[in-house]
Amino acid sequence: MHKLLMTRFIPVLLFLLITSTATAEVYHHPVDKITKSTADHTKFPQLKKNFKSGPEVTKACLECHTEASRQIHRTKHWTWEVPMKDGKMLGKQHVVNNFCISVEGNEPRCTSCHIGYGWKDKKFDFASQENVDCLACHDGTGTYQKLPAGAGHPAYQTTTQEKKTYKKVDLSHIAQHVQNPDRHNCGSCHFEGGGADAVKHGDLDNTLLKPDHSLDVHMASGKGELNMTCTDCHKTEGHQVPGSRYEPTAYDRHGFDYPLPDDFPTTCSSCHGNAPHSANKKLNDHIDKVACQTCHIPQIAKQRATKMWWDWSKAGKFDDKGKMIVKKDSTGHPTYLTKKGEFRWEKNMPPEYRWFNGQMNYTTFLTTFDDRGIVQINHPDGKAGDPQSRIWPFKVHRGKQPYDTQLKRFVKPKLYGPKGSGAYWSDFSWDKSITAGMENAGLKYSGKYDFIETEMYWPISHMVSPKEEAMGCVECHARGGRLESLGGFYLPGRDVNPFVEIIGFIVIAGTLLGVIGHSIKRYTTQKNMEQEDAG
Amino acid sequence: MRKVYLYARFQRFWHWMQALIIFALLFSGMEIHGLFKLMGYEAAFHMHNYFAMGLLVFILLAFFWYITTGDFRQYLTEGNLLDKILMQARYYMNGIFRNEPHPFKKNEISRLNPLQRITYLMLTLVGLPAQIIFGFIYYYFNELVALGMSPGLLEPVAHIHTLLAYLLVGFVIMHIYMTTTGHTLTSNIKAMVTGWEEVEDD
């Protein structure tokens, strides 16, 4: 019996056990080059050339992808121009910001993030097909890099710019190894907005290249994580990338995009629907008033500090020897630079909250403003009680920047350029820099400037925490909570009606006093009577 | 002194369950209202909702019991109710200090004095149902708005709910104190535990 068990049963059982798990697994084709694309770009003779420049690569791309550049020409990634319904012209080309203030006049520097080649001044040809930079977004090697001040060109020869050396890029190798954009492609500009890692957005920085579970539950790249990439949500069609901050979707009432998609495939509810909480249904009652991001992104700039304050008015100071000053905080972030002024940084902090209906109001270079207070460069529209508005999280970037004290408008200082061009970073004269910048832009300048405090709102949508780390009720439902300063609506736990509280106090205190008085009187009269009886 | 059986088993069970539920509701409600932080807003919120369901169940159960057993007759009064209430009130304001006997004798047929009758009747028929209704409007606010209720009502509903809760605290204090006004200081509470109360001899 024992022998039978050892020689027959156990081996057979073991065999079944091993093979059953193997056969139970669903068969998938291996994920390799063939599953990913119908074209192997290393096999194209057009790409096996010694390309001398970016535009040459683009020409080769266009031989097969004949309409690619024409698609690109229609995108705001190319035009940097977004016409709004109210007639304002926005887009990177036109908006004011309180970082480097304006693109125009500073092109070769700012346009290092343009998906084109050669935008070095306002004569750039936006109709050119070969000036579209395919590789910025489609580089699959991780070696393609535009020069910081190359007007969008990479280093065709090994080049030193801004004290850094940029190795010559191997265009032929890159052209043969293209891919659909991943986080590294988008991140090379969007993680470095404002000129360096983590400066601008507060929810986008290079930590998102390899985020852990806690930093971003969707993009976490570890084993067993979702490892989603930008275009999984910013689902692109014909090179149009949805999810722009110029016209954000503050409330997607459509919910799930499958089977019927809407125009806004980037919202949380595109995948999660409009009733995603199953354990605590009361949370679903918040959806009409609170954006998902508000509770699910409790902190921003989680692992890398973002810029919160930029004071241009302090710029231009030199030390005793006439040298430029660089001050850094203990973490190595600059707090003062002669070229740029004073900075403040913050890491892992709660965002600010505002009602938001999806309309952003922009102060442009053509807007006349009241200079008696803080000027909002953009501010979210919306209010409590408005069915379109929800409470949204924002990074609010504040600072001081130059404006025309007579015309009461923002000015475009020329920052980048050679000595004698009026560029502030070379000549350090605000007057010259503003004059040069405004002249270049064809805008009026009275000749009188001063600095004014501004604030700029950046809606937060990235760095979504895992649900265990989402905000608890008491973060808002409390006095002194996160929504303390957001008025116009009743928030349980935070708000009271003074009359109700006073009546309540009178009722409770009155009853207590009455009861105490009554019992004292009962006690004393009882004692008296007992004494009388005894006497 | 003699003993009378005043409170049936169900009544005692219902009374103490309702007491427990009301204490739990007042306690968790105050935390939700932000008066203190003890168990956390979320825990208080869940506790409040579960006990609210409990209160609703128990009050319906009590209605059922009172109607089917006919015990609701305890709450009916013959003659001029106001006069009788005033008599009872006068006793608490004056007579009690002079060791006067209670104006209304307790017995198996009539265990409630007129002031108790009107108070408990108002509490059970008006106060608690109103509080439950406003609480449920509060809880199912989104659904009601979807059915056409004005979203601006959230604030008044919340305030009324809070106000009624404060009034209930006042009732609870008074109610507990009143238990000491029986034949002895604890005879009323003992009765609500055992069912038997010591009352004055006829």
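The values are calculated or read from the model by the stated rules, or taken from the named source; none is laboratory data. Bear in mind that the values here come from a model prediction, so they are computed numbers and not experimental data. All Cβ positions, glycine included, derive from the backbone under ideal geometry; neighbour counts span all protein chains shown.
Observations on the structure shown:
- Count of residues meeting criterion [more than 9 Å from chain B (Cβ to nearest Cβ) and not in a helix (DSSP H, G or I)] in the range A:482-526: 8
- Residue pairs whose Cβ atoms lie under 6 Å apart, separated by 6 or more positions or on different chains, with the first residue in the range B:91-112 and under 16 Å from A:Thr525 (Cβ atoms) and the second surrounded by fewer than 15 Cβ atoms within 10 Å (Cβ to Cβ) and β-branched (Val, Ile, Thr), are B:Phe97/A:Thr525.
- Only one entry in A:Ala436, A:Ala534 is free of Cβ contacts under 8 Å to residues at least 12 places away in the same chain and either away from chain B (no Cβ under 14 Å) or under 19 Å from B:Phe36 (Cα atoms) (or both), namely A:Ala534.
- Residue match in the range A:42-65 (condition: assigned by TED's automatic domain parsing to the domain that holds A:Gly152, in a helix (DSSP H, G or I) and in contact with a strand residue (DSSP E or B) (Cβ under 6 Å, 6 or more places away or on another chain)): yes
- Of all residues making up the range A:360-372, the number that are in a loop (DSSP other than H, G, I, E, B) and without any contact (Cβ under 8 Å) to a residue 40 or more places away in the chain: 2
- Checking each residue in the range A:172-201 for being more than 18 Å from A:Leu62 (Cβ to Cβ) and of a type in the set (Ser, Thr, Tyr) picks out only A:Ser188.
- Figure legend. Inter-residue proximity from the range A:148-165: first residues assigned by TED's automatic domain parsing to the domain that holds A:Pro108 and on the phi < 0 side of the Ramachandran plot, second residues assigned to a strand (DSSP E or B) and among the aromatic types (Phe, Trp, Tyr), beta-carbon distance below 8 Å, spacing 6+ or different chains. Indicated pairs: A:Pro154/A:Tyr166; A:Ala155/A:Tyr166; A:Thr158/A:Tyr166; A:Thr159/A:Tyr166; A:Thr160/A:Tyr166.
- Restricted to the range A:456-479, and to residues there that are under 11 Å from A:Pro298 (Cα atoms) and acidic (Asp, Glu), the residue that is farthest from the other protein chains (Cβ to nearest Cβ) is A:Glu469.
- All conditions in (1) touching a residue at least 60 places away in the same chain (Cβ under 8 Å); (2) out of contact with any Leu (no Cβ under 6 Å at 6 or more places or on another chain) hold for B:Glu143, with the sole exception of (1).
- Given (1) touching a residue at least 24 places away in the same chain (Cβ under 8 Å); (2) of a type outside the set (Phe, Trp, Tyr); (3) surrounded by fewer than 18 Cβ atoms within 10 Å (Cβ to Cβ); (4) on the phi < 0 side of the Ramachandran plot, index of the condition A:Val464 fails: (3)
- Residue match in the range A:120-135 (condition: buried (at least 20 other Cβ atoms within 10 Å of the Cβ), in contact with a Phe, Trp or Tyr (Cβ under 9 Å, 6 or more places away or on another chain), among the acidic types (Asp, Glu) and at pLDDT below 95): no
- Of all residues in the range A:268-298 being crowded, with 19+ Cβ neighbours inside 10 Å and in a loop (DSSP other than H, G, I, E, B), the one that is farthest from the other protein chains (Cβ to nearest Cβ): A:Ile297
- Matching residues, the range B:140-176, being of a type outside the set (A, V, I, L, M, F, W, C), under 22 Å from the mean Cα position of the chain (by Cα) and within 8 Å of chain A (Cβ to nearest Cβ): B:His159, B:Thr162, B:Tyr166, B:Gly170
- Condition check for B:Thr179 on (1) polar (S, T, N, Q); (2) more than 14 Å from chain A (Cβ to nearest Cβ); (3) surrounded by fewer than 18 Cβ atoms within 10 Å (Cβ to Cβ): one failure, at (2).
- Residue match in the range B:45-62 (condition: within 14 Å of chain A (Cβ to nearest Cβ), among the hydroxyl-bearing types (Ser, Thr, Tyr) and in contact with a Phe, Trp or Tyr (Cβ under 8 Å, 6 or more places away or on another chain)): no
- Members of the range B:151-202 found to be closer than 12 Å to B:Lys3 by Cα, in contact with an Asp or Glu (Cβ under 8 Å, 6 or more places away or on another chain) and part of a loop (DSSP other than H, G, I, E, B), listed by number: B:His183
- Residue check, B:Glu155 of a type in the set (Asp, Glu) and closer than 19 Å to B:His48 by Cα: yes
- Among the residues of the range A:250-259, none qualifies, meaning not one is in a loop (DSSP other than H, G, I, E, B), closer than 19 Å to A:His190 by Cβ and within 17 Å of the chain's Cα centre (by Cα).
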